Amino acid sequence: MLLIALAAVSCFFSGDYRAEASGFAIYTHGAKELGMANAVTAHSEGAASNFFNPALLGEIEGNQVEAGTSLIYPGREYTGSASGETVSAESQLYFPSTLFGVYHLNDRCTAGVGITSPFGLGTSWPDDWEGRYIVTDVEMATFMFNPNIALKVTDRLTVAGGIDMLYADAVFENNMLLIPGFSDAESKFEGDDIAWGYNLGLLFKLTEATSLGMAYRSGMDLHLEGTAEFVLPSSTPTALRAMLPNTGGSATMQLPSQLFVGLACKLKTGWLIEAGAIREEWSRYDNVVFHFDTGLVSVKETKWNNSMAYMLGVKYNITPTDALTVGYLYNEDPIPDDTFDPQITASKKQALSAGWQMYRGNWGVAVSWMYERYDDRIKDNQVDGGSGLTANGTYEQYTHIGALSVTYRF
């Protein structure tokens, strides 16, 4: 019984944590960038290039700091294939925020720093829904500190590199069926960790108007140290209660590497166009392994696939200080059918974005909006949290994202 209960807890890290990407990666790191659907690897919209391609830091005008935040509003709905019952996840708002700085050390060397939330978010399903033994609530927050240095090797070639320090904190909750016909128990796992990685960037100017950009972020390994807690109904037999003590534990999982590629072209009429792509190495996210202080080891197989996202962004400079942007994104789905579950209801996705940016003196302001629409995803497998209730059916999803950034040049 203890094995079944803790195996249910091991569903923990497949939480529904994504925005503007596959899996649970987040790319809402700047309003100007979001307005172009993040097609910003080969040209810079500002200090957020610290994240998207640090080789662009030398292209930024003057020294500057930029602060921003995003409002993410996801909508999710489940319709059971057997019951026909429709259930909506609780409406929630998330506010991942960013802070960037750029400082030109000399004509050829530029330093930058970024604080972002590259992975995270969460979901909350009703306590009595069919999939309650798989997930009821899940939440993940990450904060990454990332210093960078960009070096202009020639007038056409710039290279860059930096260090990533990621802090992650996560909570997962689900119900447990201990004895059929009795009230459910509740389980909760919470843990945190600091992981390290690196990033590289390259910018090559093919012509005065055309540039090629590439950036790479390494994968990172998380070893979350935390606790597993159980809330048992009063009717739980003493012998069974003794088998479910609150205990310390850890969870290990691998975050994907990310490769960014972009080709940008500036037109004399005030237009700029960039086409780009992001490859995410989700095959690293092969399983989640739990080690508990009781001696139990539990493994949750995920076996995700690598995925691609394709972006197209367009910018029109109305005046030298005002611009409009639009973008389009298509994202593949990394989750195979046999491991798909309601902790992450991702599927193939298309997104449209639009934005506006202005500068007045040393100050700049940008706002943008993105709408993401996911293909309906059908769950038809035996993933059930050890309860026999698979929550098989159709999952529908959309997301609204609004972003605001403020820049100060000095």
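The range 40-113 and the range 314-373 have Cα centres separated by 10 Å. Going by accessible surface with a 1.4 Å probe and the largest first, Cys265, Cys109 read Cys265, Cys109. Using C-alpha pairs under 8 Å with a sequence gap of at least 6, the mean separation divided by the residue count of the range 298-410 gives a relative contact order of 22 percent. Each Cα pair under 8 Å and six or more residues apart adds its sequence gap; the mean of these over the residue count of the range 58-146 is a relative contact order of 25 percent. Highest mobility in the GNM of the chain, judged by mean-square fluctuation with C-alpha springs under 10 Å and restricted to Leu34, Leu121, Leu296, is found for Leu296.
Taking only alpha carbon atoms, the chain gives an Rg to Rh ratio of 1.03, where Rh is the Kirkwood radius. Across the range 247-342, the volume of the C-alpha convex hull divided among the residues equals 147 Å³ per residue. Rounded to the nearest 20 debye, the dipole size of the chain about its Cα centre is 1620 debye, using +1 on the Cβ of Lys and Arg and -1 on the Cβ of Asp and Glu. Put simply, the convex hull of the Cα atoms in the range 281-410 casts, on average, a shadow of 12.1 nm².
So, for the chain, what is the accessible surface per residue at a probe of 1.4 Å, expressed in square angstrom? List each step's numbers first, then the result.
Values: 16200 Å² over 410 residues.
Result: 40 Å² per residue.
Translational diffusion of the range 44-193 was estimated from the Stokes-Einstein equation, with Rh taken as the Kirkwood radius over Cα pairs; at 20 °C and 1.002 mPa s the coefficient is 115 µm²/s.
How high is the relative contact order of the chain, in percent, with contacts defined as C-alpha pairs under 8 Å that are six or more residues apart?
Computed over the chain, the figure is 21 percent.
Relative to its residue count, the range 204-281 spans a Cα convex hull of 153 Å³ per residue.
Counting only protein heavy atoms and using a 1.4 Å probe, the accessible area of Lys205 comes to about 60 Å².
With the full set of protein chains in place, find how many percent of the accessible area of the chain is carbon and sulfur; take the probe as 1.4 Å. All intermediate terms of the calculation are to be shown ahead of the outcome.
Values: 9590 of 16200 Å².
That share works out to 59 percent.
Starting from the Cα gyration tensor of the range 112-164, take the square roots of the eigenvalues, sort them a ≥ b ≥ c, and report rounded, prolate or oblate (rounded when a/c is under 1.5, otherwise prolate if a/b is larger than b/c, else oblate). Prolate.
Helix-only arithmetic for the chain: the sum of -39500 (n - 2.57) across DSSP H runs with n ≥ 4, divided by the residue total, places the mean residue ellipticity at 222 nm at -1000 deg cm²/dmol.
For the peptides 47-59, 376-388, the ranking by packing is 47-59, 376-388, with the highest mean count of neighbouring Cβ atoms within 10 Å listed first.
Solvent-accessible surface of protein heavy atoms, probed at 1.4 angstrom with all chains present, puts Tyr395, Tyr310, Tyr94 in the order Tyr310, Tyr94, Tyr395, largest first.
The values are calculated or read from the model by the stated rules, or taken from the named source; none is laboratory data. Note that this is a predicted model, so its numbers are computed, not measured. Cβ sites come from the backbone with ideal geometry, for glycine too, and all protein chains shown count toward neighbours. Surface accessibility is based on the protein's heavy atoms, side chains included, excluding ligands, DNA and RNA. Shrake-Rupley method; radii C 1.70, N 1.55, O 1.52, S 1.80 Å.
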